[in-house]
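The values are calculated or read from the model by the stated rules, or taken from the named source; none is laboratory data. Only a predicted model underlies this, so the values are computations on that prediction, with no experimental measurement involved. Ideal geometry is used to build each Cβ from the backbone, glycine not excepted, and the neighbour counts take in all protein chains shown.
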């Protein structure tokens, strides 16, 4: 049996970051979690782990050693052209929500994934 776990994240503005990631992942605020210096989001289908955001005084200073990959096309095998269109669509949506594009990655001239920053500069990929 797998161990249940929660991803813990440092944040300058935990509620803003939780709102962004809830939107990005289709999560919701954790019911009953009410803390001005922290926020928690959960998978409404109770499949993925909870993600907590805790206010810390220091800002981000280096590249993440671990990051989230958002898989817009599910699991392989993929129609790469259709997958690229899904990536472009999700990247635009996330830019509207406050993310920024860092780099686009191509494989045989087809978009493979996009590295982005969330509103606090944490790296993640849309693939």
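Take residue 94 and decide whether it is under 27 Å from residue 34 (Cα atoms) and either at pLDDT below 95 or part of a helix (DSSP H, G or I) (or both).
yes
Restricting to segment 78-87, give me the number of residues that are exposed (fewer than 15 other Cβ atoms within 10 Å of the Cβ) and closer than 26 Å to residue 19 by Cα.
1
Taking segment 1-21 on its own, how many of its residues are farther than 13 Å from residue 98 by Cα and without any contact (Cβ under 8 Å) to a residue 40 or more places away in the chain?
Looking only at that region, the number is 4.
When segment 107-123 is examined, which residues are found to be in a loop (DSSP other than H, G, I, E, B) and surrounded by 16 or more Cβ atoms within 10 Å (Cβ to Cβ)?
Residues satisfying the conditions are 118, 119, 120, 122.
Return the residues of segment 20-45 that are within 21 Å of residue 59 (Cα to Cα) and under 11 Å from the mean Cα position of the chain (by Cα); say none if nothing qualifies.
Hits for segment 20-45 are 20, 21.
Look at residue 52 and say whether it is under 13 Å from the mean Cα position of the chain (by Cα) and at positive phi.
No.
If you check 88, 47, 72, which single one turns out to be farther than 18 Å from residue 122 by Cα and touching a helix residue (DSSP H, G or I) at 6+ places or on another chain (Cβ under 6 Å)?
None of the other options fit; the residue is 72.
Those residues that are in contact with a strand residue (DSSP E or B) (Cβ under 9 Å, 6 or more places away or on another chain) and within 28 Å of residue 87 (Cβ to Cβ), I need them from segment 41-58; list them, please.
Passing the criteria: 41, 42, 43, 44, 48, 49, 50, 51, 52, 53.
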